[in-house]
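Engineer: Pasting a structure here, questions to come.
Only the coordinates and a few stated rules stand behind these numbers; no lab work does. Note that the coordinates shown come from a computational prediction; the quantities given were computed from them, not determined experimentally. In this analysis, Cβ positions are derived from the backbone assuming ideal geometry, glycine residues included, and neighbour counts consider all displayed protein chains.
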Amino acid sequence: MSDLLTFIYRLDEEPGTPSLYEQLNEAFNDSADYITEWIGNNEETELILCYLRSLCSSVKLEYLLQSNEHGDISAKLRDYRGNDLSEGDFERCKKAICQGSAVLCKRDSTEGIILDLEYFHGRSVQSPVTENVLQGPMNAFTENLDVNTALIRQQIRSSKLKLWEYRVGEESHTRIGVYSYSGKTDESMLAQLKERIAGIRTEGLQDSGQLLRLLLSRNRMKLFPLAVSTERPDRASTELLAGKAIIIVDGSPFALSVPSIYTDFWHSPEDKYVNGNVAYFLLGLRFLAMLVNLFLPALYVALTSVNVDVNRLEISLAASASREGVPYPVFIETLVMLIIIDFITEAGLRLPKTISSTVTMVGGVVLGQAIIQANIVSHLLVIVTAATAITNFIVVDYQMGLVQRILKYFIMIGATVAGLLGVVFCFACLVFYLSCLESFGSPYLTSLRPKKGAS
Amino acid sequence: MSGGIGRRVLGACCVAALLLLSGCWDSRDVDNRLIVGALGLELAKDDSVRIWVRFPLPKATMELSKKDFFVISQEGFTVPDALYKVGYKLPKAVDTSSTRALLIDEKLAKVGLTPYLEFAMRERSVPLDTVVAIIRGNMETIFSRPNPTGELSGIYTKLFFEPYAGGMPRKNKTRLWEIYSKFYNPFYANLIPLLKEGEQNSFDFVGNAIFKGDKIIGELNKDESLVYQMLTHRFHDSEVELMDRADVRIVHNVCHIDTSMEAGIPVIRTHCELSVTLVDSSHRGDASKSDVVKELETELTSLAKSMFGKTQRAGADVFGFGNRYRGQLTPSQYADWPELFKKARIDYTFDIELRNTGLQFLESPTRR
Amino acid sequence: MDKSTKLGGYESFVIHLLYFGSTAGFIYPSFLTRSTSGSFWIPLVFWCAAAIFGAWLYARLLSRLQDRPLLTELKRAVGPIPTSLLCLPLFVFLLGALVVMLRSYAEIISMTMLPTTPIAFLNGMIIAPALLASAGVMPIVRSAKVFVVFAVPLSVVLLMLGLSDLNWSLGIPWVRFNSDFISNNQFYAGSCLWMGFVITALIQPYSQRSARVACRAYGLALLCALPLIAGYIYLPVLTFGRELTSQLTVPFVSKMDSIYHYWVIVDNLGAIFVATSMLYVLVVMALKLHALNETMRTFLPPLGSKIASTSLLLAVFITATFIPSWRDIELVLMLTAGLRLYVMFVFPLLGMAFLHAAGRRMQERAA
């Protein structure tokens, strides 16, 4: 522990220039939670502690300021146990106060001592919100970078786990941490990543998703998510051991895992914890659900308007019977139903829990039944739409699910114009697009078989 | 960023324009189509053809008292012409791509089928796996009568022939592509089922019509059709053969065909091995196993004789024996096969094994 | 864009398999069935042997390249003018192959599934392969690997379904060697199927090892695709008979239409066949476009080559739209048969001769 007293003695004063105390007062002029406290006298000058009450820990502060009324600072300060002290001029002290430190200065000095008293206000470690599993650890990242670091280090207790910290954001000065496991991660990808992070110019950074967009801002907007975001420390540590880099933003509980290839988005966190065959079966089921989600409305449109000869006669007659009385062409009614389902999905996201069940009933039962009886859509279509809506939520990654909701409209347009061939053509275009995508140096559609040596 | 947004809006406008311009040329909703279930062809005056079309109606449109199908007929110079003209009378487009049955009038078959069926191969309108049958009788009655067994009309005809659903091998399910391929194949003649209007049901199976080229020249009756089925390996299920003394069921059939050419005359030897079981023994007289077998053999031999007699006289090789001679004849000789077939010598033997007599012995216990 | 262009053995195999699948189902069977009155497998075996020989010649040529692309090395060896003269037939062949593939596939779509859609609209499907081709070789290879997973099992399923309703006596004579196909120009027109290795030779740098790997991959793909090719020819013959099959434009589609089983969920397998073939055709068109772009990039400066690629695309589209009929497509194939034979046999020999001469000249200069 450094000697606080020597630091105080080293604080020099420069007459003529405004003192640190006055500058800080001016900088934090209108902030009601800016407190300056006289804590004692040191020979002839007063010692003042400046801090933002909302950011500092009262416990640490009380420890520091256990006062005896007589202001004998030497004895008190000798007992100080805390983090490292550092000195700083006005700019540094201002930044430090904003980070939650307290500045101890003499009334006339131009420099101050920075004491780290930060106390983080946020959630405690809870179970994950978006990635629920039935088998596996139940803790999730929080908004505090240090807690998250601790959670990861508890999973990988090794010195090979490396961490680099940066500050991003000109006004927000958000801390971000880049983790990697040395020996497994590709060095060139890591270097490129660090370069990109250093080159980010933005005012504020609130979430890791925003960071991802900023990292990719050079190129056009990509449709597909290029990094997996996860809330779970166990998943993050598995990715680290597989050779990926993890980025965590202070203030966001979602960690980014780069580089991510297409098949990474389909692995649930549980896959490693259950029986291998069951995991493959579930993986296949998810892929099938994705295909159903993307192609079922389009196939319905294709098979009931353009390529009717592909159906069996009985199915064509059933489709014809279900559409009796519906005035709109198949494309329009499908579009209407898909938009309504998207409305219901969006509404369901934002509703408080208490009335979401009402909406489900309204959406599902009333809307679905009534819209058939009003002869606006056919019953076959309601089955198709319900299947589409359900399979949309089987997707593991949230971002991927959002993308699919958009893509199915385009594939449906393709089906309207050219039927079954339009569906196949759109599928081909999708695959072409995916094969041109690259996530931080790795091609998006990397082979499923592990290559020797390369990632 | 504004440039990017501008470009995206432009792209979206192009897509929208594409939709407007496209018009979706081939898009016609399924409820705007009248799907043809069965198609009938018959001769009309002045060398034109009259088609009969039966559309199954979807359940939502029919009321309790009405029929679940709709029939319409139209005359035209060719079949596609008539199909096009029938559209003048209908509110929806005619969609022949799911036609299940094609029924051809016997008089039309006597004139020649090729000019009337050619459209099916060239244009993919009537599908190639449509079931074809020749009708003897009044086409209008057959098409206008509702189907008593309650099957969805239009597909009833196909089910009539399906082996899994009431069809028997003797009904000889023939598809359009088979007929067409045999028009071109000099070694194979057509054998198309012959139906007539039934009293209790839509159709009654009469036999099979023998074709030479595309014209009908003769007929095999139902029993001769059994031997035909055995020889052409179309024998799926068991059949009940009725005889004087006992009824047997043929459960298994293997047929060996041996072909050779001796002095310019084709020699064809067929040997059928049958396994039969006894279904019903006649109450008249006493039958023993050897009697049953011999009776069956005689019956089959006489059927085969009459069958081969009919087909050879006409020079119509409905069995496809000629295909085996492709290697022995040069391509220029291919067209001579019907004549060769007339002169061919056909030997047929049957080897019958009575596998069991069912759950009851044939002879009474004391007689053994 | 990934700049590394190392195609391993599996990638080459996949590309060649897709190439066979894209051409074997459409024009090739009608050419083969009309070219001979003997057994059909004999011209097939003939061309297989010729193709393997051609692939071997190309492997020998490519093994001299020392990790550089073919045309760049030739240009370095003998100069741009002789190389461009040498490559002109190659260029015309590639262009013709692309136009024929696009137009014939659009025509088949028009005949089977979308009769009233204009041909110009159907020809517009080349935009997707063009965009993919501009992205490089590795995206094409990755798409090819994905498509193989979807398209090849579907093709296998269709072939197995096609095994119904076969009459084996229709295939007689099984062994009749009738050499009439040698003088029949439709036999030579059928060489369009066997040119896969020419295209893969142009798209990436080769060394001795990778040339050998590529040759082996081609042989393996040929072996695996032979049942497919034989099936496309023989299944219609064994169902309809050879007389009707030789009259059909696309025999396999008619064969697929004639299949009926109670348990097949789809009524019209011909449509499924055409839809599956789209996957093959799109990737192979992207590959050909990329080969054309690479050829032009060797001879033109960068800006010029971008303009040239776009104008090439337009030229292909316009030519494909303005071919009047199916017979003209067949005519184009028959006329370019000579070009194909040149590209398959003469070009590698000339290339090897040039490289050998240039190598010796350089040795003399060094010594």
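Engineer: Let me have the relative contact order for chain A, percent, based on Cα pairs under 8 Å that are six or more residues apart.
Structural biologist: Computed value for chain A: 13 percent relative contact order.
Engineer: Per residue of C:134-143, what is the mean number of Cβ atoms on other protein chains within 10 angstrom of that residue's Cβ?
Structural biologist: 5
Engineer: Please compute, for peptide C:165-174, the average count of beta-carbon atoms on other protein chains lying within 10 Å of each residue's beta-carbon.
Structural biologist: That average works out to 5.
Engineer: Using modelled amide H (1.01 Å from N, peptide plane; none on Pro or chain starts), what sits under 5 Å from the amide H of B:Thr349, excluding residues fewer than 5 places away?
Structural biologist: Residues meeting the criterion, in which the H sits 1.01 Å from N, are B:Thr270, B:His271, B:Cys272.
Engineer: So, one more: Which residues' amide hydrogens lie under 5 Å from the amide hydrogen of A:Ser109, considering only partners 5 or more residues apart or on another chain, with H built in the peptide plane?
Structural biologist: Long-range HN contacts for A:Ser109: A:Leu20, A:Tyr21.
Engineer: Suppose every K and R has +1 on its Cβ and every D and E has -1 on its Cβ; what is the size of the dipole of chain C about the Cα centre, in Debye to the nearest 20?
Structural biologist: Rounded to the nearest 20 debye, it is 1380 debye.
Engineer: Here is a follow-up. Evaluate the distance, in nm, between pseudo-label points positioned 7 Å from the Cα of C:Ile182 and of B:Val251 along their respective Cα→Cβ axes.
Structural biologist: 5.8
Engineer: With the calculation restricted to Cα positions, what are the radius of gyration and Dmax of the protein assembly as shown in angstrom?
Structural biologist: Cα-based Rg and Dmax for the protein assembly as shown come out at 40.2, 144 Å.
Engineer: Now a separate question. Which order, highest average first, do C:258-266, C:314-322, B:49-57 follow once you tally other Cβ atoms within 10 Å for each residue and take the mean per peptide? Each step should come with its number before you reach the end.
Structural biologist: On the way: C:258-266: 14.4, C:314-322: 16.7, B:49-57: 23.4.
Most protected by this proxy first, the peptides run B:49-57, C:314-322, C:258-266.
Engineer: Of all the C-alpha pairs in segment B:28-220, what % are more than 22 Å from each other?
Structural biologist: In whole percent, the share of Cα-Cα pairs in segment B:28-220 beyond 22 Å is 44.
Engineer: Let me ask another. Given only helices, namely DSSP H runs of n ≥ 4 each adding -39500 (n - 2.57), what is the per-residue ellipticity at 222 nm of the protein assembly as shown, to the nearest 500 deg cm²/dmol?
Structural biologist: -15500 deg cm²/dmol
Engineer: Where does helix A:145-155 land angle-wise versus the long Cα axis of chain A, in degrees 0 to 90, nearest 10?
Structural biologist: Helix A:145-155 sits at roughly 70 degrees to that axis.
Engineer: Tell me which aspartates and glutamates have Cα within less than 18 Å of A:Lys272's Cα, excluding those fewer than 8 residues away on the same chain?
Structural biologist: Qualifying aspartates and glutamates at Cα under 18 Å: A:Glu131, A:Glu231, A:Asp234, A:Glu239, A:Asp264, A:Asp397.
Engineer: Under 8 Å for C-alpha pairs, at least 6 residues apart: give me the relative contact order for segment A:291-379, rounded to a whole percent. Can you show the working numbers first?
Structural biologist: Working: 41 pairs, mean separation 31.5, N = 89.
Computed over segment A:291-379, the figure is 35 percent.
Engineer: Taking a quarter of the surface of the convex hull around the Cα atoms of segment A:145-260, what do you get in nm²? Intermediate values should be presented prior to the final figure.
Structural biologist: Details: hull surface 26.4 nm².
Projected over every direction and averaged, the Cα hull of segment A:145-260 covers 6.6 nm².
Engineer: Using a 10 Å cut-off on Cβ to Cβ distances, tally the other chain neighbours for every residue of A:436-444 and report the average as a whole number.
Structural biologist: Other-chain Cβ atoms within 10 Å of each residue's Cβ, averaged: 3.
Engineer: Which value, in debye to the nearest 20, gives the size of the charge dipole of the protein assembly as shown about its Cα centre, when Lys and Arg are +1 and Asp and Glu are -1 at the Cβ? All intermediate terms of the calculation are to be shown ahead of the outcome.
Structural biologist: Numbers: 113 positive and 112 negative charges, 867 e Å.
In debye, rounded to 20, the protein assembly as shown gives about 4160.
Engineer: Quick one: 3J(HN,Hα) in Hz for segment C:346-354, Karplus 6.51/-1.76/1.60 with θ = phi - 60°, rounded, Gly and Pro as x.
Structural biologist: 3J(HN,Hα) across segment C:346-354, in whole Hz: 6, 4, x, 5, 4, x, 5, 4, 4.
Engineer: On to the next question. Name the residue from A:Ile176, A:Thr334, C:Leu44 whose Cα lies farthest towards the positive end of the charge dipole of the protein assembly as shown, charges +1 on Cβ of Lys and Arg and -1 on Cβ of Asp and Glu.
Structural biologist: The residue sitting farthest along the positive end of the dipole is C:Leu44.
Engineer: How would you rank A:Val377, C:Val141, going from fewest to most other Cβ atoms within 10 Å of each one's own Cβ?
Structural biologist: Lowest count first: A:Val377, C:Val141.
Engineer: If the cut-off is 18 Å between C-alpha atoms, which lysines fall inside it for A:Lys222, apart from same-chain ones fewer than 8 positions away?
Structural biologist: The qualifying lysines are A:Lys408.
Engineer: Please list 3J(HN,Hα) in residue order for segment B:262-278, calculated via the Karplus relation 6.51 cos²θ - 1.76 cosθ + 1.60 where θ = phi - 60°; whole Hz, with x for glycine and proline.
Structural biologist: Taking θ as phi minus 60°, the curve returns 10, 6, x, 10, x, 10, 10, 10, 10, 9, 10, 10, 10, 10, 10, 10, 7 Hz for segment B:262-278.
Engineer: Using θ = phi - 60° and the Karplus relation 6.51 cos²θ - 1.76 cosθ + 1.60, list the HN-Hα couplings for segment B:298-314 in order, rounded to whole Hz, with x at every Gly or Pro.
Structural biologist: 4, 4, 5, 5, 5, 5, 5, 5, 5, 5, 5, x, 4, 6, 6, 4, 7
Engineer: Can you give the charge dipole size of segment A:145-260 about its Cα centre, rounded to the nearest 20 debye, using +1 on the beta carbon of Lys and Arg and -1 on the beta carbon of Asp and Glu?
Structural biologist: That gives a dipole near 360 debye.
Engineer: Pairs B:Lys110/B:Lys310; B:Lys215/B:Lys294; A:Lys162/C:Lys145; B:Lys158/B:Lys222; B:Lys182/B:Lys305: which are spaced more than 27 Å apart, C-alpha to C-alpha? The partial results should precede the final answer.
Structural biologist: On the way: B:Lys110/B:Lys310 17 Å; B:Lys215/B:Lys294 38 Å; A:Lys162/C:Lys145 36 Å; B:Lys158/B:Lys222 19 Å; B:Lys182/B:Lys305 24 Å.
Violating the 27 Å limit, Cα to Cα: B:Lys215/B:Lys294; A:Lys162/C:Lys145.
Engineer: Next question, about the same structure. First check a/c for segment A:283-439, with a ≥ b ≥ c the square roots of the eigenvalues of its C-alpha gyration tensor; if it is under 1.5, answer rounded, and if not, answer prolate when a/b is larger than b/c or oblate otherwise.
Structural biologist: oblate
Engineer: Report, in degrees rounded to the nearest 10, the 0 to 90 angle that the Cα long axis of helix C:9-24 makes with the longest principal axis of chain C.
Structural biologist: Its long axis makes an angle of about 50 degrees.
Engineer: Over chain C, what relative contact order in percent results from Cα pairs under 8 Å that are six or more residues apart?
Structural biologist: 41
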